[in-house]
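Undergrad: Input: one structure, supplied below.
Just so it is clear, none of the values below were taken in a lab; they were calculated from the coordinates. Source: prediction; values computed, not measured.
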Amino acid sequence: MTDDHPQQSGPTPAEALAAIASSRKTVHDRVAVGGWRYDLTYAAIMAVMVGGQAFDNPWNVTASSLGVLALVVLFQHEARRTGLRITGVSPRHARWVAIAIGLAAAAIIVGVTIVRRQSPETDVAVVAALAGAAAFVAALVGSRIWRRVYRAEMGAKT
């Protein structure tokens with residue numbers, strides 16, 4: 001009796017796993033370079049977005065809108081530089097770092113709102129500068145932690 005099913009000529013399971021490991025290492029290596037420039041730019045954008053919430057309309061909306069636009073430009077630039085479109089929400093542990101950065105920004109914005117309502121005599125520029133500085137630090141530290149966690153997760157499986 002003959003076998004009517006042709007033999008598959010694809011890679012063996014070991015070769016497929018080796019290819020996956022090689023791809024993960026390539027991603028790990030691409031994310032390893034140029035990190036400080038990205039992280040500082042990201043932190044500056046977050047500082048403007050969050051600090052801008054201390055101002056009244058239309059300046060708070062303008063800060064948010066320009067910040068989102070700047071984040072899109074930064075994302076596109078980084079995608080062209082690395083050849084990867086990394087959203088920040090995977091792998092699993094890096095996702096939680098990204099969520100923590102967002103929660104920190106939200107907490108600072110809530111703090112700005114509370115200060116503006118309870119102490120309207122406080123200079124808006126001071127509130128904006130303090131909120132922006134706090135957001136810059138939170139975003140920079142968070143981005144560095146995210147990068148370290150992401151690289152560890154990508155490198156751990158190679």
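Undergrad: Springs between alpha-carbon atoms under 10 Å, Gaussian network over the chain: tell me which of Gly132, Gly102, Gly83 tops the mean-square fluctuations.
TA: It is Gly83.
Undergrad: When a/c reaches 1.5 or more, the comparison of a/b and b/c decides; with that in mind, is the chain rounded, prolate or oblate per its Cα gyration tensor?
TA: Numbers: a/c = 3.26, a/b = 3.14, b/c = 1.04.
It is prolate, given that a/c is not under 1.5 and a/b is the larger ratio.
Undergrad: Let me ask another. In a Gaussian network model over the chain where Cα atoms closer than 10 Å are linked, find which of Leu17, Leu40, Leu130 has the largest mean-square fluctuation.
TA: Sorting by GNM fluctuation, first place goes to Leu17.
Undergrad: Moving on to the next point. Given a 10 angstrom Cα cut-off, can you work out which residue in Ala16, Ala54, Ala106 is the most mobile in a GNM of the chain?
TA: Between Ala16, Ala54, Ala106, it is Ala16 that shows the largest mean-square fluctuation.
Undergrad: Considering Cα pairs under 8 angstrom that are at least six residues apart, work out the relative contact order of the chain and quote it in whole percent. Before the final figure, lay out the partial values.
TA: Values: 157 pairs, mean separation 58.7, N = 158.
Result for the chain is 37 percent.
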